Amino acid sequence: MRVLDYIADGLWFAFQMAWEVWWALVLGFLLSGIVQAWVPRSRMERALGGRGLRSVALATGLGAASSSCSYAATAIARSMFQKGASFATAMVFQFASTNLVFEIGIVLWIFIGWQFTLAEFVGGIFLIALMWLGTRLFITRKLEAEARTHADAAAAGHQHTSAASAGSWRERLRSVEAWSDVAHNFRGDWEMLWKEIGAGFLIAGFIALLPMSFFNDLFLTDAPAPVQLIENVLVGPIVAVLSFVCSVGNVPLAAVLWAGGISFSGVMAFIYADLIVIPIVLIYRKFYGWKVTWRIVAIMFVCIVLAALAVDGIFSAADLVPTHRPSIDSIRNRGITWNYTTALNIVAFLVFAALFALTMRRGAKDPVCGMTVDRKTPYTSSRDGRTVYFCSAHCKNRFDPTEHAANA
């Protein structure tokens, strides 16, 4: 019975955390869908072949306008790299798309305060600058050429195609077709990321049941400030790597760690580390080969630590480091009552349902991965006289050999 009670408590705490930020997640994904659909990026992609500051700025903007899914970010970066973007700008894009997007900032604000949201964006700029510098210094032209050859030979992986709209902003606001483009991007992002988000809340719900002694043993909380700073900022990314959770799913777990006593810099290092979790490292190996993978993981780890230390220094000097640390009980026991959160969540459910319903106008099911895709997708095949639609070239390529074998 104690085990069942423990499981029930963990699930209930996870649900309460998810309830607290549901409206923010919907709002963030809606804004992301609008940007993906209504902000043209083809021109930017053509300009990312250089390794200079202009290309870095463009990659940053394109990343910030993209989905926050870490797995999608790696797939899009690989596609950009394969099409001619430099390795440096591809890596910059990844960090921008997972640290400078709407939904992460909103959820951070709700869970642990505006200071963490500001630190996420300030640190994201540091990460981008440091990653650009690190790849310029340690990824030689020869290694970049080898990585490009490897990327050309690797499977593209799962990456849904963003729907894009034409016309002025006023025309798009009035167009059902334009809102359908937004809806398809919204749904595509959710279908890619819901497992990560769900896993993040579940892990946070059960970790919130752990005693305070667990956090005191894992992170130094009563050591001299310099020792705690260094230990926390080194251990934070390691915990992120071992948790296997990335993107928005990291935020509820970060809130629990903050309540458990980890330092401000340790929390930020944990959040920044979503691109070096083990499944994504294996994707790097598949895309670029081990020779480049171990270098970029090492560069990322160092960049994460340095960015967290830089943010801690800036925020300490500006007296912006939060002084209030909520209890773990206040994080997990948010409660569900009739308040502004409930009202916003009801609106969010209506928006969510409306956007999903809008995808039915042009929606079709990818027979390979099961994702609902826009019939405007360029990836199609024919079977028995009907058109089959795919979310990506990867799924089309997996389907076509099966189709050819069936016809043989």
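Every number in this text was worked out from the coordinates using simple rules, so none of it is lab data. What you see is a predicted model, and the numbers here were worked out from it, not measured in a lab. Every residue, glycine among them, receives a Cβ derived from its backbone with ideal geometry; neighbour counts consider all protein chains shown.
Sort 303-309, 366-372, 390-396, 320-326 by packing, meaning the average of other beta carbons within 10 Å per residue, with the highest value first. Write out the running numbers ahead of the final one.
Values: 303-309: 24.0, 366-372: 17.9, 390-396: 22.3, 320-326: 12.6.
Final packing ranking: 303-309, 390-396, 366-372, 320-326.
With r as the distance between the Cβ atoms of residue 382 and residue 327 and R0 = 45 Å, compute the FRET efficiency 1/(1 + (r/R0)^6) and round to 0.05. Mind showing how you got there, number by number?
On the way: r = 60 Å, r/R0 = 1.33.
Efficiency, rounded to the nearest 0.05: 0.15.
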Next on the checklist: Contact order normalised by length for the chain, with contacts defined as Cα pairs under 8 Å and 6 or more residues apart; what percent is it?
Outcome noted: 21
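Residue 146 to residue 176: extension gain in nm, 0.36 nm per residue of separation minus the Cα-Cα distance?
Details: separation 30, 0.36 × 30 = 10.80 nm, distance 4.55 nm.
Between residue 146 and residue 176, full extension yields an extra 6.3 nm.
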Checklist entry - Could the peptides 109-122, 375-388, 277-290 be put in order, highest first, of the mean number of other beta-carbon atoms found within 10 Å of their residues? => result 109-122, 277-290, 375-388
Next on the checklist: Under a crude label model (7 Å from the Cα following the beta-carbon direction), how far is residue 5 from residue 169 in nanometres?
Outcome noted: 5.6
Next on the checklist: I'd like the orientation of helix 141-153 relative to the chain: the angle between its Cα long axis and the longest Cα principal axis, in ° from 0 to 90, rounded to 10.
Outcome noted: 60
Next on the checklist: To make sure I understand the rule: partners must be lysines, Cα under 17 Å from the Cα of residue 142, and not fewer than 8 residues away in the same chain. Which ones qualify?
Outcome noted: 291
Checklist entry - How compact and how long is segment 229-286, expressed as Rg and Dmax of its alpha-carbon atoms in Å? => result 11.2, 37
Next on the checklist: I want to check the label-to-label distance for residue 153 and residue 343. Put each point 7 Å from Cα in the C-beta direction and report it in nm to one decimal.
Outcome noted: 6.1
Next on the checklist: With θ taken as phi - 60° and the coefficients 6.51, -1.76 and 1.60, list the Karplus ³J(HN,Hα) couplings across segment 112-118 in order, rounded to whole Hz; mark glycine and proline as x.
Outcome noted: 9, x, 5, 4, 6, 5, 4
Item to check | Label point distance in nm, residue 290-residue 57, each placed 7 Å from Cα along Cα→Cβ | outcome: 4.1
Item to check | Prolate/oblate/rounded label for the chain (Cα gyration tensor, a/c 1.5) | outcome: oblate
Next on the checklist: Under 5 Å between amide hydrogens, which residues at least 5 positions from residue 388 or on another chain qualify, with H placed 1.01 Å from N in the peptide plane?
Outcome noted: 381, 382, 383
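What shape does segment 301-383 take by its C-alpha gyration tensor, where a ≥ b ≥ c are the square roots of the eigenvalues and a/c under 1.5 counts as rounded, a/b above b/c as prolate, and the rest as oblate?
Working: a/c = 3.47, a/b = 1.62, b/c = 2.14.
It is oblate, given that a/c is not under 1.5 and a/b is not larger than b/c.
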Item to check | All aspartates and glutamates inside 13 Å of residue 365 as judged from Cα atoms, apart from same-chain residues fewer than 8 positions distant | outcome: 191, 374
Item to check | Charge-dipole axis of the chain as Lys and Arg at +1 and Asp and Glu at -1 on Cβ define it, positive-most pick from 109, 97, 394 | outcome: 394
Item to check | Computed [θ] at 222 nm, deg cm²/dmol, the chain (DSSP H ≥ 4; -39,500 (n - 2.57); rounded to nearest 500) | outcome: -23500 deg cm²/dmol
